[in-house]
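Undergrad: Pasting in a structure now, in structure tokens, and then I'll have a few things to ask.
The values are calculated or read from the model by the stated rules, or taken from the named source; none is laboratory data. The structure displayed is predicted, hence computed values, not measured ones. Methodologically, a virtual Cβ is constructed for each residue, glycine included, from the backbone with ideal geometry; neighbour enumeration extends over all protein chains shown. Each accessible area value is taken on the protein alone, full model and side chains, heavy atoms only, with ligands, DNA and RNA left out. Shrake-Rupley method; radii C 1.70, N 1.55, O 1.52, S 1.80 Å.
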Amino acid sequence: MKIFLKFCYFSLLLILLSCGSDAAKKGKTTEKASVETESNPKESSTTKTILIFGDSLTAGYGLDDVNDAYPTVIQTIIDSLLLDYTVINSGLSGETTASGKNRINWVLNQKIDVFILELGSNDGLRGIPLKETRNNLQAIIDAVLEKNAETKIILAGMQLPPNMGEDYITDFKTIFPELAAKNELYLIPFLLKDVGGIPELNQSDGIHPTVEGQKILAKNVWTVLEPIINL
């Protein structure tokens with residue numbers, strides 16, 4: 001009889017321990033699920049994208065830290081204002097409008113809310129026929145709008161140094177406002193305003209901005225970009 005009672009007590013103890021273990025496991029599982037839910041971002045992010053498609057001016061050529069290039073400066077401004085936008089630096093040193101046209105479809109594999117087009121200076125410095133530059137820029141604009149007609153496009157205006165010849169630099173300068181008007185785009189009149197031709201704001205090549213010069217470029221872009229993303 002005593003043996004039977006001991007067996008019953010032992011069985012009861014095992015059942016209680018088993019239930020406690022299961023409850024503990026369930027508790028840990030629930031806790032883990034709760035932690036994972038809190039730590040994981042929302043599946044449908046509301047973050048919008050600003051993509052800057054350009055050449056070495058955008059890529060930050062010659063800077064010790066590419067984070068000193070104007071796209072990252074703009075991201076810092078956006079973050080300080082708690083605006084839900086991510087800036088993507090899609091600058092490529094040496095890029096011409098022709099090579100930009102060739103890689104645009106690859107870039108458009110992502111959703112873009114604001115597209116900043118900064119190309120043309122390398123065309124001008126190489127003396128590429130202006131008609132070709134204009135047509136390539138138009139092709140890039142068409143590709144962006146074909147992918148998403150709601151994408152807001154900002155065109156960065158460029159100018160050339162006087163040694164390229166008066167007629168050429170005058171006609172080159174008009175490409176950007178004319179394309180902006182034709183396609184109803186936003187326009188930065190001159191990306192290098194207050195930087196171009198100023199030795200202390202440019203690197204030794206006299207073309208690419210220093211860190212301080214990049215901050216001014218960011219200001220020139222932000223003047224046009226701010227009202228767009230605050231709509």
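Undergrad: Test each condition in (1) closer than 18 Å to Ile228 by Cα; (2) open to solvent by 50 Å² or more (accessible area, probe 1.4 Å) for Leu155 and report the one that comes out false.
TA: (2) is the only condition that Leu155 fails.
Undergrad: Something else about it: Go through (1) open to solvent by less than 10 Å² (accessible area, probe 1.4 Å); (2) touching a strand residue (DSSP E or B) at 6+ places or on another chain (Cβ under 6 Å); (3) not hydrophobic (A, V, I, L, M, F, W, C) and name the single condition Gly100 misses.
TA: It is condition (2) that Gly100 fails.
Undergrad: Still on this structure, I have one more. Asp64 is checked against (1) of a type in the set (D, E, K, R); (2) open to solvent by 50 Å² or more (accessible area, probe 1.4 Å); (3) at pLDDT 95 or above; (4) assigned to a helix (DSSP H, G or I) and fails just one. What number does that condition carry?
TA: Failing condition for Asp64: (4).
Undergrad: Output the residue which, of all residues in the stretch 180-200 that are of a type in the set (A, V, I, L, M) and out of contact with any strand residue (DSSP E or B) (no Cβ under 6 Å at 6 or more places or on another chain), is nearest to Thr133 (Cα to Cα). Break it down stepwise before answering.
TA: Residues of the stretch 180-200 of a type in the set (A, V, I, L, M): 180-181, 185, 187-188, 191-192, 195, 198.
With the extra rule that they be out of contact with any strand residue (DSSP E or B) (no Cβ under 6 Å at 6 or more places or on another chain), the set shrinks to 181, 192, 198.
Numbers: Ala181: 17, Leu192: 19, Ile198: 26 Å.
The qualifying residue nearest to Thr133 (Cα to Cα) is Ala181.
Undergrad: Among what's in the stretch 103-118 and is in contact with a Lys or Arg (Cβ under 9 Å, 6 or more places away or on another chain) and under 15 Å from Ile154 (Cα atoms), pick the residue that is surrounded by the most Cβ atoms within 10 Å (Cβ to Cβ).
TA: Phe115
Undergrad: Another question about this same structure. Kindly state which helices (runs of 4 or more DSSP H) lie completely within the stretch 91-160 and contain at least 1 residues that are more than 19 Å from Pro71 (Cα to Cα), touching a Leu at 6+ places or on another chain (Cβ under 6 Å) and among the charged types (D, E, K, R).
TA: Output list reads 130-147.
Undergrad: Further question on the same structure: Determine which member of the set Ile188, Ile229 is open to solvent by less than 70 Å² (accessible area, probe 1.4 Å) and over 24 Å from Ile175 (Cα atoms).
TA: After applying the criteria, what remains is Ile229.
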